[in-house]
Amino acid sequence: MNVVLQCCNNLYNKFCSEQIQKWLLLATACLVFMCVFVLNTLYPMYFDDRIYSILKHGDTLRFPETFINILKYQYHHYFEWGGRTVAHTILQVLLLFDPLWQDIINSIVFVSFVFLLYKISNKNRSNNLFVFLLIGLSIFYFTPRFTTDVLWMSGAANYLWTTFIIFLFIYPYYIYSIDKETKESISKTIFFLLGGVIAGWTNENMGSTMVLILVAYCFYYKRNKLKVPRWAISGIIGACIGCTLMILAPGNLVRAALEPKMMGMDAYNQLPFFDRIFTKVGILLSTHYIEFILPLVIIYLILLILFLYKEKENKNRKAVLFNSVLFFIAGEVALFVTILSPMFPIRAYFGIIIFKIISISVLYANISLKSVFFRLSNILLFTILILTCSLLYYRTYNALSLFSRTYNQREKSIIEQKEKGIEDIVVTTNKIALDYQFEYLENVIHWSEYYQVRSIKLRYENE
């Protein structure tokens with residue numbers, strides 16, 4: 001028995017060698033890209049993609065065509081609908097590209113995002129495929145609406161891309177908390193001011209939470225007798241400016257008044273303010289927190305106990321604990337900030353889930369797996385996670401194939417009728433029988449504007 005265990009231990013050591021891990025990381029990153037790219041190609045252009053493909057001023061409709069036109073449109077959008085100027089600019093720029101290039105760029109951003117979280121988690125440690133897998137597979141498995149947050153262009157621009165920008169901006173603050181060394185310059189201070197404006201102007205609950213994280217880092221620097229760099233202060237100032245510009249956008253008031261009506265939530269919107277707050281808290285705690293957040297909280301607490309028990313001599317113990325707890329608390333803050341939002345769809349949990357995952361991966365990366373028991377347990381758990389995600393991927397692929405096939409048939413019918421000069425188009429189709437990770441499946445709002453006909457309606461064959 002001892003011989004077998006020793007043999008397993010030797011194999012594990014060889015598997016974890018720096019050179020092998022380096023190549024395995026590269027191969028896995030390429031595999032993740034291909035998997036996400038395949039799903040991206042299946043996801044059709046729909047709903048908000050069509051809305052933001054059209055520039056509308058009064059009764060005038062046209063396609064963007066140039067970046068200057070997009071900026072002009074976003075100026076009007078800021079006053080007429082909402083303040084997420086950065087996210088919607090990204091979306092409209094993406095929509096300028098051919099669909100194939102949209103899918104390639106979006107897939108690259110997803111892999112880059114996973115790699116960024118990996119670099120944060122695995123800071124100052126040797127290459128570790130398990131950490132990369134933990135992050136990538138956890139995002140796929142635990143994100144409640146992975147398809148709409150990562151694959152749908154409108155959802156990706158609002159959640160994947162903005163969360164990527166936010167963590168890119170947090171990264172230097174994180175690095176300084178670990179390395180305790182930094183360089184200062186006027187250009188760097190100005191860069192962080194401007195970068196802060198962009199990062200803060202991305203997403204309401206994530207942008208405001210990011211500001212709190214940056215402030216917490218500055219307090220950590222002071223407490224640990226580190227100089228608070230000028231770039232760190234200018235970054236916070238920029239983030240506050242960006243967040244304020246987003247939240248105080250005049251268009252937000254317009255949207256807050258109209259969107260509940262569009263979503264059939266008039267009765268809820270007419271409740272007194274505190275009644276709406278209590279209703280949201282009840283839904284949050286009784287359903288969403290238990291379903292989406294609690295499993296990650298349990299995993300986090302298990303790893304936290306393991307870290308506290310096993311890593312008493314870890315020289316970075318204090319910094320690891322601080323960063324892990326900070327990201328964990330940030331997830332809670334980002335969650336409860338949403339109570340103040342008029343609408344908070346399930347897809348908006350993406351950033352909250354990411355904060356939980358990064359708090360877990362920071363701990364996991366810093367727990368030494370030296371005993372055979374922990375190493376075998378690690379392999380077993382990852383085998384189960386990979387198999388589970390493989391089955392989930394198969395299910396998602398089939399669902400997207402049906403979604404894509406049905407939408408392509410509908411578009412073909414619309415184009416054929418338009419070419420015949422029909423202005424009031426009726427598309428005979430089947431309902432898309434999917435309730436898994438999809439939203440607005442049967443919504444054809446703005447299709448008529450996109451195809452430049454008078455009206456488009458769906459007629460279902462089974463009704």
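Kindly work out what percent of the DSSP beta bridges joining two residues of the chain are antiparallel, to the nearest 5.
The antiparallel proportion sits near 35 percent.
What dipole magnitude, in Debye to the nearest 20, does the chain give about its Cα centre under +1 on Lys/Arg Cβ and -1 on Asp/Glu Cβ? Don't skip to the answer; put the middle values down first.
Details: 42 positive and 31 negative charges, 392 e Å.
The dipole magnitude comes to about 1880 debye.
Give the lysines whose C-alpha is closer than 20 Å to that of Lys225, dropping any in the same chain fewer than 8 places away, or say none.
Partners within reach: Lys180, Lys183, Lys315, Lys318.
In whole percent, what relative contact order does the chain give with Cα contacts below 8 Å and a gap of six or more residues?
20
In deg cm²/dmol and to the nearest 500, what is the mean residue ellipticity at 222 nm of the chain if only DSSP H runs of at least 4 residues count, each as -39500 (n - 2.57), divided by the residue total?
That calculation yields -22500 deg cm²/dmol at 222 nm.
What's the extension gain from Ile415 to Ile346 if we count 0.36 nm per residue and subtract their Cα-Cα distance?
On the way: separation 69, 0.36 × 69 = 24.84 nm, distance 3.32 nm.
Residue separation times 0.36 nm, minus the Cα-Cα distance, leaves 21.5 nm.
Could you state the number of Å between the C-alpha centres of the stretch 291-310 and the stretch 160-182?
Rounded to whole Å, the Cα centres lie 23 Å apart.
Just name one of Ser154, Phe130, Phe113: the one whose Cα is farthest towards the positive end of the charge dipole of the stretch 99-183 (beta-carbon charges, Lys/Arg +1, Asp/Glu -1).
Of the options given, the answer is Phe130.
Report, in listed order, any pair from Lys72/Lys119; Lys14/Lys119; Lys14/Lys310 with a Cα-Cα distance greater than 26 Å.
Exceeds cut-off: Lys72/Lys119.
Compute, for the stretch 59-200, the length of the dipole vector about the Cα centre, with Cβ point charges of +1 (Lys, Arg) and -1 (Asp, Glu) only. Units Debye, rounded to 20.
The dipole magnitude comes to about 440 debye.
Percent of accessible area on the chain owned by carbon and sulfur, 1.4 Å probe?
The nonpolar share, carbon plus sulfur, comes to 66 percent.
How tilted is helix 204-223 with respect to the longest principal axis of the chain? Cα atoms for both, answer in degrees (0 to 90, nearest 10).
So the helix axis and the longest Cα principal axis differ by about 20 degrees.
With a cut-off of at most 14 other beta carbons within 10 Å, and DSSP calling the residue loop, which chymotrypsin sites (Phe, Trp or Tyr not before Pro) in the stretch 96-127 qualify? Please list them.
Phe97
For Asp424, Asp149, give me the order by solvent-accessible area with a 1.4 Å probe, most accessible first, ignoring ligands, DNA and RNA.
Highest to lowest solvent-accessible surface, that is Asp424, Asp149.
Work out the charge dipole of the chain with +1 on the Cβ of Lys and Arg and -1 on the Cβ of Asp and Glu about the Cα centre, then indicate which of Phe47, Leu194, Phe322 is farthest towards its positive end.
Phe322
May I ask for the net charge around Ile353, where only other residues with Cβ less than 14 Å from the Cβ of Ile353 are counted and Lys, Arg are +1 while Asp, Glu are -1?
Here the count lands on 0.
In Å², what does the accessible area per residue of the chain work out to with a 1.4 Å probe?
49
Place +1 on the Cβ of every Lys and Arg and -1 on the Cβ of every Asp and Glu in the chain, take the dipole about the Cα centre, and give the residue among Tyr309, Ser377, Leu91 whose Cα lies farthest towards its positive end.
Checking the options against the dipole of the chain, the answer is Tyr309.
The values are calculated or read from the model by the stated rules, or taken from the named source; none is laboratory data. Worth saying up front: this structure is predicted, and the values here are computed from it rather than measured. We place every Cβ from the backbone using ideal geometry, glycine too, and count neighbours over all the protein chains shown. What goes into the accessible areas is simple: the full protein's heavy atoms, side chains included, and nothing from ligands, DNA or RNA. Shrake-Rupley method; radii C 1.70, N 1.55, O 1.52, S 1.80 Å.
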